[in-house]
Amino acid sequence: MADRAQDASPRDPAAGELVAEVMGVRWSVPDGDFAVLDGVSDDGEPVVLVGALGHVREGESVAAGGGWRCHPRHGWQFTVERVRILEPVSDAAVAAYLESVKHIGPRGAALLVERYGAGEVLAAIDRDPEGVLRGVPGIGARRLGGAVQSWRDQRELRELRLFLDTHGVDAASAGRIARHFGAGSIARLQREPYVICELDGIGFATADALARALDTPRDAPDRLAAGVLHALDQAQADGHCHLPRPELTGRAARLLGGAVDVDDAIDRLAARGRVVVDDAGRVSEARLHAVEQRLAGHVRRLLDDAPALALRDVRRPTSGAFIPSDDQWRGVAQALEHRLSILTGGPGTGKSATMRTLVDLLKSHKKHARLCAPTGKAARRLSELTGVDATTIHRLLEWMPDEGFTRDAENPIEGCDVLIVDEASMLSVHLAEALLAAVGPRTHVLLVGDVDQLAPVGPGRVLEDLLELEHGGGAGAGAAAARTVPATRLTEVFRQAARSLIVRAAHAINAGELPDASAGLGDVRDFFLITRDGPQAIFTEVCELAATRLPSHYGLDPAADVQVLAPMHKGPLGIDALNAELRARLNPDGAPIAGTGLRVGDKVMQTRNSYEHDLFNGERGVLLHHDDQRDRVLFAGEDGRRVSLPVDALDTLRLAYAATVHKAQGSQARAIVVPVFRGHQIMLTRNLVYTAVTRAQEVCVVVGERSALALAVSRTDARRRYTRLAELVAAV
């Protein structure tokens, strides 16, 4: 079967349905969903099935939906999108199924099929597993118990998968549910269908579909509880650490539909410890509540501790390539005098030069600084600007698959007198808590960032919350503001930076003013405004700039050096449409990677953390090579790393010729192109355009409707995040 001829096309390549008996598992991801199976169709045709089939066993029959594709090396394959388990029928399929049972083996399987017949043997074993299996050669008294238990487990798992399929659960979710809950869990799922919401990647909608198929009442307590928890989970995705109770009640009621008592569900969840309701009526998911509490404790510890650095004869530089201003030196001094401090400011105000001054000062006193940032591109840029190696926060904390961060309070970051964290505006409460937990008792921490950029992806707004405490703010009603966070705000744009139209445009946008692209004598003309009306005219101009004009004029690599940033994925000027056109122009001849929508040579971005492969959300790179014999792809990251990935891991990669502004946080490109269109008005804010413009290192071009740009700069991000960090830190 594995040597099936490439030119042996299926009888109907356009068919979307297929019934087949599985004769063997060619390859599968250990403890994963993806698998490649060999089978025989009901027409007697050899077939290869690929997809979320990790739960399917040899000898089983499946009714699959999907479509045919011709792999350049392995020939025709049926890509499965949905699958239903059927009973095995043929002698070969039944024998293959029996072989999967412990201790039966090929000889025993053949004997059982011959003795009872393919149509009766499974039922015979079900009626009397001990009696039937005792007659299999090689299964004696010692092995009988293991064989019987293996048979029962296999049958129960088959029944579970059939149960899930019958009740509308998709194949990939069914596989995860079966692996997690195991044999014998049908009764539990019938009682508690919403328990599957506990699994990553399986949300309320899947659980609700199962529950409704089981005739679970709309007002069942478990359904209401699952709806409340899902509403809180969605709020976390929006950046909130909690919701006011009335808002949570409204969100959950809309999700659940009908007249249901959501308040009672919240009270029951609080009694079970799943949510926390505070005296102000704010409702938090219990684990996130604990993370925010721990983060506040780490901050209080750093603010309350005496400084651990004792440097003698510290002198402010008065000569050399960089002489710090009063504010910049204050930032250095605060980092030395306090265990936690903040340095913030917009572009051109000298944050990087201030960090380098601090690093050089520490070196001269034989002290050690460690530098980190949330993304690989930001860490690489930080290294270039300071002359000191920098790393991502995940790598600093030494993430290990299945273990989490190995650096923590018991095993803190070593060799570090001062920890400098750049792009700190990107810190969610989860990442900030993990980082500060690993800060040792003699390490100072300097958070550096631009608070006017977009809020982080993930719950919280850590840098903004801590800046509220700069002058003792942030305490709740009646609470004493016992703590302040030492913070230096750099506001002066220095002469050389002020010549840059990018810098001037960014500050104008931040002030709510339209940027000016006109250059005066001595100015660096690196910012351009091109007015185009309507989506088609903007689309054409953006693609021409990114693919041809900017690379030609500035000597840039159009894939590596030019980045298009847009607010939304869908629509005529969305990321998807831009990526399709730019890929067609920049990588038209890239070899397709079968089973994916990607090609060799594509510029791609990781869309979620993949700890197994050491790739993190937002990392970009190029797919350099596809080894079709091993079905692996070589990913070349922007940070210089090379990572070999299995093809099935590519589902977390997306084309990145164009990306959202949110995904570009913490990174930069030599050239940035930004379409601005009224059709994106729901996303157009001052913070978004400011963040997009400040991603440009050498040139930024904004293309679009002047009215849309005016709308954007007139609106700050109105989505206030519900957080308590400032209040928790300030409390006595």
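The values are calculated or read from the model by the stated rules, or taken from the named source; none is laboratory data. The model shown is predicted, which means the values in this text are computed figures rather than measured ones. Ideal geometry is used to build each Cβ from the backbone, glycine not excepted, and the neighbour counts take in all protein chains shown. The accessibility values were calculated without ligands, DNA or RNA, using every heavy atom of the protein model including side chains. Shrake-Rupley method; radii C 1.70, N 1.55, O 1.52, S 1.80 Å.
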request  = Express the relative contact order of the chain as a whole percentage, based on alpha carbon pairs under 8 Å and six or more residues apart in sequence.
outcome  = 10 percent
request  = Could you size up the charge dipole of the chain around its Cα centre, putting +1 on the beta carbon of Lys and Arg and -1 on that of Asp and Glu, and report it in debye to the nearest 20?
outcome  = 1740 debye
ask   = Ordering 204, 181, 494 by how much accessible area each has at a 1.4 Å probe, largest first, what is the list?
value = 494, 181, 204
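Skip the ligands, DNA and RNA, and give the accessible area per residue of the chain with a 1.4 Å probe, whole Å². Working shown, then result.
On the way: 31720 Å² over 732 residues.
In whole numbers, the chain has 43 Å² accessible per residue.
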request  = Taking the dipole about the Cα centre of the chain, with the C-beta of Lys and Arg at +1 and of Asp and Glu at -1, give me whichever of 163, 522, 618 is farthest to the positive side.
outcome  = 522
query = Between rounded, prolate and oblate, where does the range 232-277 land on the alpha carbon gyration tensor, with a ≥ b ≥ c its root eigenvalues, rounded for a/c under 1.5, else prolate if a/b exceeds b/c?
reply = oblate
note = Expressed in angstrom and rounded, the centroid-to-centroid distance over alpha carbons for the range 84-103 and the range 324-356 is 69 Å
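The chain: longest stretch without exposed trypsin sites (Lys or Arg not before Pro) (DSSP loop, at most 13 other Cβ within 10 Å), sites themselves excluded? It would help to have the intermediate numbers written out before the result.
On the way: sites that count: 11, 73, 272, 312, 315, 366, 442, 570, 608, 630, 641, 719, 720.
Counting at most 13 other Cβ atoms within 10 Å as exposed, the longest clean stretch of the chain is 74-271.
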task = Calculate, axis by axis, the spread of Cα positions in the range 264-314 along the three principal axes, and write the results as whole Å, longest axis first.
result = 64, 19, 12
remark   = Applying the gyration tensor rule to the Cα atoms of the range 342-387 (axes a ≥ b ≥ c; rounded if a/c under 1.5, else prolate if a/b exceeds b/c, else oblate), the class is oblate
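So what is the relative contact order for the range 610-732, in percent, with contacts set as C-alpha pairs under 8 Å and at least six apart?
Numbers: 138 pairs, mean separation 22.1, N = 123.
It comes to 18 percent, rounded to a whole number.
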query = For the range 557-566, in order, what is each residue's ³J(HN,Hα) by Karplus, 6.51 cos²θ - 1.76 cosθ + 1.60 with θ = phi - 60°, in whole Hz (x at glycine and Pro)?
reply = 7, x, 7, 7, 9, 10, 10, 8, 10, 9
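Could you look at the chain and say what percent of its accessible area is carbon and sulfur, using a 1.4 Å probe and all protein chains?
Details: 15430 of 31720 Å².
Ligands and nucleic acids excluded, carbon and sulfur reach 49 percent.
Let me know the shape class of the range 533-659, please: from the alpha-carbon gyration tensor, a ≥ b ≥ c as square roots of the eigenvalues, rounded when a/c is under 1.5, otherwise prolate if a/b is greater than b/c, or oblate. Could you put the intermediate results ahead of the total?
On the way: a/c = 1.87, a/b = 1.71, b/c = 1.10.
Note, shape of the range 533-659 comes out prolate.
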query = Along the charge dipole of the chain, Cβ charges K/R +1 and D/E -1, which of 28, 76, 503 sits furthest on the positive end?
reply = 503
ask   = Between residue 615 and residues 5 or more places away or on another chain, which pairs have amide H atoms under 5 Å apart, with H built 1.01 Å from N, and which residues are they?
value = 610
query = Along the range 96-113, what does the Karplus equation 6.51 cos²θ - 1.76 cosθ + 1.60 (θ = phi - 60°) give for ³J(HN,Hα), rounded to whole Hz, x for Gly and Pro?
reply = 4, 5, 5, 4, 6, 7, 4, 6, 6, x, x, 5, x, 5, 4, 5, 5, 5
